[in-house]
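Peer 1: For reference, the structure I am asking about is given below.
A short reminder: the numbers here are calculations on the coordinates, not readings from a lab. Here the structure is a predicted model, which is why all the values come from computation and not from measurement. So basically every Cβ, Gly included, is an ideal-geometry build from the backbone, and we count neighbours across all protein chains shown.
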Amino acid sequence: MRVQRYVALTTCNGRHYSRLVELFARTDRSSSRRAVAKAGGPPARRLAEVAKLVQPQLEQVETRIGQQAAAFDPAIEGYVVYAVGSRGKRLRPLLALLAGGATGKIHSGHVDLAVIVELIHLATLVHDDVMDEAEQRRAQATANARWGNSLSVLLGDCLFAHALTLSTDFENSNIGRAIARTATTVCSGEMIQTQRRFDLNLTVEDYLRIVQMKTGSLFSAAAELAAVISEADPDVIAIFKNFGFQIGTAYQIYEDCVDLAGSESVTGKTLGTDLRKGKFTLPVLIFLRSASEFERERCCQLVLDEKVEEMIELLKNGATNGALNESIAAGSDLIREAQRAFDGVAPNRYTDALFSLGDALCDMFDQLRV
């Protein structure tokens, strides 16, 4: 077995913050030297095409996730079944499997990783719904809507703990440690976001740090640790780590834009929760950055009064600054930046699929433009 030369894995890198902030001033939308595929249809169809490459392994992941409930006490097994049973996009498992194929041969270790990162994600969703008092997730009632906050918080805790327990099974103990650190980072990001609710001093850089912690770090772990499991060279591992980091950060920006501009009938979840809870996401911060004192006061009053629809209209209004479209462009720029990093990786069908995954996410952003 190759001797690993890395030590710290999936740690947040402060150098990314200023670099990502710079992207918001970018006007250069040039593509990578690798051609950006133009073929395909709606984003959901393009994602499905990407997933076909690892469909057998994704089905293994799905089966394994469903089997996890049996590891719990029979008295709570039904709650776990409910929490893990609603199938989402499974982007984190998809990223882990594609990164595994891009750096070697996909095997059971990559499937294990995919299961673990998805369980951590599901745990965060249970907790998020409690924090946001959301009533619907993936077109079904949330756990807190069905059983209350107290039980739901404990359910999320159980999922977190179980995911960390599974991570100790890797022969390479550094992988389990990295997953545990990532879980800590995710929770810390959520805490900082909650701490900074209704904070008019929150900056774009503060926001980026939060989303990198609560979302980017788990995407980063999925891609980086898949390369570690493949025993890739350290330089290649670093490329995949950064790719996941930027894709995850962009995806959170997308989710934040959807919360303002999406449709509940399409997304299957409660929207507008960020504004109602005083979470200032990128569109709001971009608006506030250039707003007059009168506009800032009006914005704050709309948030306090929970007049979400009126606030959304402000963010869409090109006569002010088109903050929603600017946020969409920033998220797309992050994805293109991530794709350019693959110019230094030997191409294969899995790296091409990862590139196409980025294209599909850009298409998802484009659908939100106003």
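Peer 1: Based on the Cα coordinates of region 80-227, what is the per residue volume of their convex hull in Å³?
Peer 2: Numbers: hull volume 17.3 nm³, N = 148.
Roughly 117 Å³ of hull volume per residue.
Peer 1: Okay, moving on. Past 19 Å, Cα to Cα, is the threshold; run Lys52/Lys105; Lys277/Lys307; Lys89/Lys279; Lys214/Lys279; Lys89/Lys277 against it and keep the listed order.
Peer 2: Numbers: Lys52/Lys105 16 Å; Lys277/Lys307 12 Å; Lys89/Lys279 24 Å; Lys214/Lys279 14 Å; Lys89/Lys277 25 Å.
In this structure, Lys89/Lys279; Lys89/Lys277 exceed 19 Å between Cα atoms.
Peer 1: Another question, then. Bin width 5 Å, origin at 0, all Cα-Cα pairs of region 92-139: what percent of pairs per bin?
Peer 2: 5, 21, 22, 15, 12, 11, 9, 5, 1
Peer 1: For region 226-370, what is the Kirkwood hydrodynamic radius in Å, using each pair of distinct C-alpha atoms? Don't skip to the answer; put the middle values down first.
Peer 2: Numbers: mean 1/r = 0.0598 Å⁻¹.
With all distinct Cα pairs of region 226-370 included, I get 16.7 Å.
Peer 1: Over the chain, what number does the Rg to Rh ratio reach, with both radii from the alpha-carbon atoms and Rh per Kirkwood? Kindly include the intermediate steps, with their values, before the conclusion.
Peer 2: Numbers: Rg = 20.0 Å, Rh = 21.0 Å.
With Rh from the inverse mean 1/r over Cα pairs, Rg/Rh is 0.95.
Peer 1: Would you mind working out the magnitude of the charge dipole of region 171-221 relative to its Cα centre, with +1 at each Lys and Arg C-beta and -1 at each Asp and Glu C-beta, to the nearest 20 Debye?
Peer 2: For this selection, approximately 60 debye.
Peer 1: Another question, then. Calculate, for Leu151 and Arg177, the FRET efficiency according to 1/(1 + (r/R0)^6) with r their C-beta to C-beta distance and R0 30 Å; round to the nearest 0.05.
Peer 2: Working: r = 31 Å, r/R0 = 1.02.
Efficiency at R0 = 30 Å is approximately 0.45.
Peer 1: For the chain, which DSSP H helices look membrane-span-like by this rule: Cα extent along the axis of 30 Å or more and mean Kyte-Doolittle of at least 0.0?
Peer 2: Details: long enough: 108-132 (36 Å, 0.87); 173-195 (33 Å, -0.03); 234-261 (40 Å, 0.44).
Once both thresholds are applied, what remains is 108-132, 234-261.
Peer 1: May I pose another question? Below 8 Å, C-alpha to C-alpha, sequence gap of six or more: please give me the relative contact order for the chain in percent. Provide the component values of the computation, followed by the final result.
Peer 2: Working: 502 pairs, mean separation 85.1, N = 370.
It rounds to 23 percent for the chain.
Peer 1: Quick check on region 227-266: what are the equivalent-ellipsoid semi-axes from the Cα gyration tensor, as sqrt(5λ), descending, whole Å? Write out the running numbers ahead of the final one.
Peer 2: On the way: eigenvalues 216, 19, 4 Å².
Largest first, region 227-266 gives 33, 10, 4 Å.
Peer 1: Which one of Ser152, Ala346, Ala250 has its Cα pushed farthest toward the positive end of the charge dipole of the chain, where Lys and Arg give +1 and Asp and Glu give -1 at the Cβ?
Peer 2: The residue sitting most towards the positive pole is Ala346.
Peer 1: Follow-up. Evaluate the distance, in nm, between pseudo-label points positioned 7 Å from the Cα of Ala48 and of Ala346 along their respective Cα→Cβ axes.
Peer 2: Distance between the two pseudo-spin positions: 3.4 nm.
Peer 1: Which value, in debye to the nearest 20, describes the size of the charge dipole of the chain about its Cα centre when Lys and Arg Cβ atoms bear +1, Asp and Glu Cβ atoms bear -1, and nothing else is charged?
Peer 2: On the way: 41 positive and 46 negative charges, 188 e Å.
Here the size comes out at about 900 debye.
Peer 1: Given contacts defined as C-alpha pairs under 8 Å and at least six residues apart, what's the relative contact order of region 31-179, whole-number percent? Walk me through the intermediate numbers first.
Peer 2: Working: 125 pairs, mean separation 28.5, N = 149.
19 percent.
Peer 1: Using only the alpha carbons of region 39-108, determine the length spanned along each of the three principal axes and report them from longest to shortest in whole angstroms.
Peer 2: 49, 30, 15
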